[in-house]
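Chemist: Quick one: the structure is below, and I'll ask about it shortly.
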Amino acid sequence: MSASNTQSQTNDAVMPGIHQHPTQLSWLLVTEASSYALGVTDEGYLLQLYWGARLSSSTDLANAQLQFERSAQDSSLTAAAEVYPAQGGLRYGAIAAQASFADGTRDLDLRYASVEITEQEGLPTLHLSLRDAAYPFEVILSYRLDSANDLIIRSAQLINHGEEPVVLGRAFSAVWHLPQQFEPRRLTTLAGQWANETRIQQQPVVAGNIQLESRSGISGAKAYPWFAIDTRATEHTGEVYFGTLAWSGNWSLQIRTNITGGTSIEGGIHDHDFAWVLTANQSFITPDFVAGFAADGMNGIRHRLHRYVRSHVLPQPQASQPRPVLYNSWEATFFDVTEAGQIALAERAARLGVELFVVDDGWFPARNDDHAGLGDWRVDPQKFPQGLRPLVERIHKLGMQFGLWVEPEMTNPDSDLYRAHPDWVYHYPTRPRNEARNQLVLNVGRSDVQDYLITILDQLINEQDISFIKWDMNRPISEPGWPEYINAGHDGREIWVRHVQGVYKIMDTLRARHPNLSIESCASGGGRADPGILRRTDQVWTSDNTHPDARLFIQEGASYILPGRVMGAWITDTPSDRVRNEIPLAYRFHVSMLGMLGIGGHLIHWSEEELVEGAQWIAVYKRIRHLIQDGDQSWLVSPTETAGNWAAVECVAPDASEAVVLAFHRSNPFWENAPRLRLQNLKPAARYRIVEAGKTGETAAFELSGTALMNYGVQLPLPKTSYSSCILHLQEQA
Ligand code: GLA
């Protein structure tokens with residue numbers, strides 16, 4: 001590699017981009033609002049020199065150097081902010097990589113070798129090569145710079161240039177360092193479980209280690225590969241560092257804080273039960289670790305990650321088109337899927353203004369409950385004697401697209417697929433095959449399994465004229481064995497990565513063959529919602545829990561990772577208990593209108609009044625969906641902070657000429673007036689016309705300046721009754 005492409009910076013005012021220091025081996029990465037710097041010490045170690053608010057000069061930073069060793073127990077390498085510290089030498093802090101060489105040495109000594117600056121995915125990219133001092137082993141670190149969104153996207157390529165195999169025991173994507181400071185920091189994470197996903201958790205950052213992880217084979221619902229660390233930030237002010245891993249399998253994020261307040265975040269594919277063997281001249285590329293800095297509080301994370309996901313991650317052309325309003329039959333009919341029943345629902349859905357009709361589980365042979373059928377992806381002749389064609393044609397005639405549920409990674413022992421290929425599931429010959437939801441996981445790392453799934457799904461998409469697939473994944477991987485692979489001399493611990501690569505390959509192949517196909521990622525709800533899966537899916541089923549009270553919490557957390565166009569949200573009839581009947585349809589619609597609106601209720605049971613009102617709200621949604629799906633989303637009032645009693649969300653057009661505010665008030669035992677709500681991110685000098693979007697039209701038009709809206713605020717038209725909600729639509733006046 002050469003430095004010939006490097007832009008060298010001689011004057012002091014640095015523009016966004018990658019700048020090499022004029023005389024030292026150091027680089028300054030500059031975005032609109034942040035800077036990140038790294039440099040090489042005299043010994044060849046690559047250190048992070050800075051990360052934070054934007055610097056104005058490329059020469060302000062000191063040269064990279066190790067500190068004096070504090071004591072024999074506190075080595076200078078452990079204290080150093082190495083950008084990719086490898087297991088070896090006197091290192092006892094963050095570790096990015098671990099390798100074992102054929103001679104038994106389990107120690108890496110990586111030193112700077114060369115630099116190159118290129119463009120990747122339209123973004124300037126810094127590549128820094130590190131080489132081991134004694135073995136033919138190289139690591140190339142990549143830094144892609146998304147200047148507009150203050151993001152740095154890092155990955156690493158680990159290369160064995162030798163003849164002897166090298167076994168990787170850890171291959172993380174990156175280590176990030178936050179400087180030592182006296183002020184306390186706070187960590188925000190997203191935790192959850194089935195029907196209770198993406199719940200915001202906050203804790204002080206004190207000396208010690210915090211481990212976030214998934215070991216179930218998918219990115220998971222228990223924890224999300226995402227973090228934010230702030231210093232006294234509010235929703236709209238203060239410094240926040242944040243990051244997320246683009247990986248849909250086992251992952252690890254470790255947040256280490258030392259006794260003097262320095263914090264590092266190391267992350268990547270989990271090293272739990274992980275190994276990757278690099279034979280001669282092979283390399284391993286880690287997933288992306290996207291991280292950023294915001295000085296405008298917690299909503300600054302949403303704005304930056306949403307813009308990045310929309311413009312650099314989601315598949316095109318779908319990411320540039322409005323996401324359709326969908327109907328999904330799951331909660332209406334469960335497994336009782338029939339041609340007549342689905343047509344009746346489709347007719348009502350079309351009347352409401354639905355644009356995509358999705359038949360969920362239960363359409364394939366033997367699928368009358370969750371005991372049988374997974375893997376046999378053909379239409380059940382008993383439920384659909386004439387195939388799916390009459391239903392699909394009716395749906396198309398009604399002006400809707402057709403979508404279908406599948407769960408490709410799974411099989412039931414009671415299926416033709418499993419009877420023909422019992423060796424296709426993960427298993428150890430000496431162990432029972434643990435079932436969960438009566439199903440086993442297919443070994444998607446196998447090329448014959450990949451070929452089977454590509455062929456059968458491709459055929460299904462062609463024959464049934466499918467526009468949309470809901471791709472589900474309803475259980476974790478267990479007994480991760482692959483006897484043939486091990487017998488052929490491979491390391492069985494590779495399966496965790498090979499599974500994810502297999503899923504990606506199948507999705508990528510289907511998308512390449514069907515450029516207009518959309519895919520929804522579902523794993524019993526929002527269990528697989530990371531930027532890795534978002535490269536090949538268009539939306540995520542956020543949670544099986546559609547109760548609006550739960551949903552506000554779940555969606556607040558999910559909105560840290562998912563833009564509105566990705567976050568699937570349905571109106572349903574659940575919970576079908578007493579409470580449901582007390583929640584107005586308008587409130588339930590408004591909660592679901594915060595994302596990609598869907599209907600999941602049993603429309604045959606909806607009254608005429610409910611159908612008319614539903615159609616009205618869908619019409620309102622279509623008028624504002626460009627703001628919800630593609631605007632900058634700010635949670636102005638956090639349900640987490642108000643114990644679910646109040647919430648307000650604002651979505652502002654990229655040019656701030658238009659905005660929408662959705663506000664919610666769950667219960668009001670003290671008959672309080674709603675406080676004035678101060679809006680954000682508007683044009684101060686502009687005048688906005690504000691209307692309340694109601695089911696029978698727009699009411700309460702008034703005008704205010706951006707300054708007034710952001711400082712004096714707006715009185716929310718919320719009555720003092722429980723479950724009141726409103727939608728305000730703001731448009732700049734010429
Ligand atoms: C999972 C999904 C549901 C539904 C069922 C079908 O639970 O999260 O939305 O698709 O599977 O079996």
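Chemist: Which net charge results for the neighbourhood of HIS427, defined as the other residues with beta-carbon distances under 10 angstrom from its beta-carbon, given Lys and Arg at +1 and Asp and Glu at -1?
Modeler: Cβ neighbours under 10 Å give a net charge of 0.
Chemist: May I pose another question? Over the Cα atoms of the stretch 598-724, how large are the radius of gyration and the largest Cα-Cα distance (Dmax), in Å?
Modeler: So, for the stretch 598-724, Rg and Dmax equal 15.8, 50 Å respectively.
Chemist: For the chain, what is the accessible area per residue in Å² when the probe is 1.4 Å?
Modeler: 37
Chemist: Something else: With the cut-off at 1.5 for a/c, could you classify the stretch 312-431 from its C-alpha gyration tensor as rounded, prolate or oblate?
Modeler: oblate
Chemist: Would you please give the FRET efficiency between ASP423 and GLN202, computed as 1/(1 + (r/R0)^6) with r the Cβ-Cβ distance and R0 = 35 Å, to the nearest 0.05?
Modeler: Result of the calculation: an efficiency of 0.15.
Chemist: Got the relative contact order for the chain handy, in percent, Cα pairs under 8 Å and 6 or more residues apart?
Modeler: Relative contact order for the chain comes out at 10 percent.
Chemist: Can you give the extra length, in nm with one decimal, that the chain gains between SER705 and THR642 once fully stretched, where that is 0.36 nm per residue apart less the Cα-Cα distance?
Modeler: Result for the pair: 19.9 nm of gain on full extension.
Chemist: Which net charge results when you count Lys and Arg as +1 and Asp and Glu as -1 among the other residues whose beta-carbon is under 10 Å from that of SER264?
Modeler: -1
Chemist: Now for a different question. Of all the accessible heavy-atom surface of the stretch 388-437, with the other protein chains kept in place and a 1.4 Å probe, what percent is carbon and sulfur?
Modeler: Answer for the stretch 388-437: carbon and sulfur cover 49 percent of the accessible area.
Chemist: Moving on. Given a Förster radius of 25 Å and the C-beta distance between GLU183 and LEU66 as r, what FRET efficiency does 1/(1 + (r/R0)^6) yield to the nearest 0.05?
Modeler: Once rounded, the FRET efficiency stands at 0.45.
Chemist: Now for a different question. Hey, with R₀ at 60 Å, roughly what FRET efficiency would LEU90 and ASP414 work out to, going by the Cβ-Cβ distance, to 0.05?
Modeler: Result of the calculation: an efficiency of 0.55.
Chemist: With each run of n ≥ 4 DSSP H residues scored as -39500 (n - 2.57), what mean residue ellipticity at 222 nm is computed for the chain after dividing by its residue count and rounding to the nearest 500 deg cm²/dmol?
Modeler: So the helix-based figure for the chain works out to -6000 deg cm²/dmol.
Chemist: Under 16 Å from a point 7 Å along the Cα-to-Cβ line of ASP451: which residues of the stretch 491-527 have their amide N that close?
Modeler: Those under the cut-off are 506.
Chemist: For the stretch 54-196, which whole-number percentage of the solvent-accessible area (1.4 Å probe, protein heavy atoms only) is attributable to carbon and sulfur atoms?
Modeler: 49
Chemist: Tell me which chymotrypsin sites (Phe, Trp or Tyr not before Pro) from the stretch 635-720 have a DSSP coil assignment and no more than 15 other beta carbons within 10 Å of their own.
Modeler: When the chymotrypsin sites (Phe, Trp or Tyr not before Pro) of the stretch 635-720 are filtered for loop state and at most 15 Cβ neighbours within 10 Å, PHE670, TRP671, TYR712 remain.
Chemist: While we're looking at this one, here's another question. Run the reach check for LYS505 against aspartates and glutamates, Cα to Cα strictly under 20 Å, same-chain hits fewer than 8 apart removed. What comes back?
Modeler: GLU121, ASP288, GLU407, GLU409, ASP448, ASP451, ASP458, ASP472, GLU494, GLU520, ASP530, ASP538
Chemist: What is the sum of charges, Lys and Arg at +1 and Asp and Glu at -1, for the other residues whose Cβ falls under 13 Å from the Cβ of ILE210?
Modeler: +1
Chemist: Indicate, rounded to the nearest 5 percent, the antiparallel portion of the DSSP beta bridges found entirely in the chain.
Modeler: Close to 80 percent.
Chemist: Taking a ≥ b ≥ c as the square roots of the eigenvalues of the Cα gyration tensor of the chain, is the shape rounded (a/c under 1.5), prolate (a/b larger than b/c) or oblate?
Modeler: Oblate, because a/c is 1.5 or more while a/b does not exceed b/c.
Chemist: Compute the distance in nm between two label points, each set 7 Å from the Cα along the Cα-to-Cβ direction, one at ASN462 and one at SER657.
Modeler: That separation, rounded to one decimal, is 4.5 nm.
The values are calculated or read from the model by the stated rules, or taken from the named source; none is laboratory data. These numbers were taken from a predicted model, which means no experiment stands behind them. Note that we place each Cβ from the backbone using ideal geometry, even for glycine, and neighbour counts take in every protein chain shown. Each accessible area value is taken on the protein alone, full model and side chains, heavy atoms only, with ligands, DNA and RNA left out. Shrake-Rupley method; radii C 1.70, N 1.55, O 1.52, S 1.80 Å.
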